[in-house]
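Nothing in this text is a laboratory measurement; each read-out follows from the coordinates by a stated rule. All of these numbers come straight from a predicted model, not from anything done at the bench. Note: ideal-geometry Cβ built from the backbone for every residue, glycine included; neighbour counts use all protein chains shown.
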Amino acid sequence: MRAGEPAPDFLLPAPGGKLMSRGEVAGPAGLLVVFACNHCPYVIHLADALGDLARNIAAQGVRTVAINSNDTKNYPQDAAERMPAFATQHRWEFPYLIDESQEVAMLYGAACTPDFFLLDNAGQLFYTGQFDDTRPYRGQPAHGGDLREAVRRMLAGEEPPAPLYPSSGCNIKWKAGKQPV
């Protein structure tokens, strides 16, 4: 997906089975879609800061949803029954959904966990890139600076930040035969 393109819709279950669509989870000013999982050190590194950022941008009308697309058969630590505890531990007050088929990750072009897609109020991609310039094991706390700036620019009607730095993280754990081309 490129900036300005419409984001794919989705209908995915939460761990309890409730189905949620992109339209249901979006806020009046936009939606932050985060491809995440429970075990990736990059997700763990920024998980608390992501919870804080999500609360901050929700107050501005931008909601957040996390989507777990990993192969849980081969990575059982990412299983649906473990997702609620992970979300609670990191104060994620937003939906954390399951993409068992991995189709949503493929439609979005997600490559890693975490991978971020900021959609405007029309459901078009405004920004995809890194959360911030911190990385696990470097002793720096995550702060979400790049993503905060993207949200600020989107809400102000400005152009997306440039240059864009891609998300860094662990590759999505694709099921056999599901790897994108």
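What value does the stretch 1-46 have for Rg/Rh, both radii from Cα atoms and Rh as Kirkwood defines it?
Details: Rg = 13.1 Å, Rh = 12.9 Å.
That ratio equals 1.02.
Please list the three semi-axes, largest first and in whole Å, of the ellipsoid equivalent to the stretch 34-106, using sqrt of 5 times the eigenvalues of its alpha carbon gyration tensor.
Taking √(5λ) for each Cα gyration eigenvalue gives 21, 14, 10 Å.
Determine one quarter of the surface area of the Cα convex hull of the stretch 1-155, which equals its mean projected area, and express it in nm² to one decimal.
Taking a quarter of the hull surface, the average projection is 8.2 nm².
With labels modelled as points extended 7 Å from the Cα through the Cβ direction, what inter-label distance (nm, one decimal) is found for residue 164 paired with residue 85?
3.7
Hey, with R₀ at 30 Å, roughly what FRET efficiency would residue 74 and residue 156 work out to, going by the Cβ-Cβ distance, to 0.05? It would help to have the intermediate numbers written out before the result.
On the way: r = 43 Å, r/R0 = 1.44.
The computed FRET efficiency comes out at 0.10.
What fraction of the DSSP beta bridges in the chain is antiparallel, stated in percent and rounded to the nearest 5?
65
Below 8 Å between Cα atoms, with a sequence gap of 6+, how large is the relative contact order for the stretch 11-171 in percent? Show your work: numbers first, answer last.
Numbers: 308 pairs, mean separation 44.9, N = 161.
Worked out over the stretch 11-171, it gives 28 percent.
Give me the one-decimal nm value for the distance between modelled label points at residue 48 and residue 135, 7 Å along each residue's Cα-to-Cβ direction.
Once both label points are built, they end up 2.2 nm from each other.
So if I take the alpha carbon set of the stretch 111-181, get Rg, then get Rh from the Kirkwood formula, what is the Rg over Rh ratio? Provide the component values of the computation, followed by the final result.
Numbers: Rg = 14.1 Å, Rh = 13.6 Å.
In the stretch 111-181, Rg relative to Rh is 1.04.
What dipole magnitude, in Debye to the nearest 20, does the chain give about its Cα centre under +1 on Lys/Arg Cβ and -1 on Asp/Glu Cβ?
280
By the 4.7 Å beta carbon criterion, which cysteine residues of the chain come out unpaired?
Lone cysteines by the Cβ rule: 37, 112.
For residue 2 and residue 60, what is the calculated FRET efficiency with R₀ set at 22 Å and r taken between the beta-carbons, to the nearest 0.05?
Efficiency at R0 = 22 Å is approximately 0.35.
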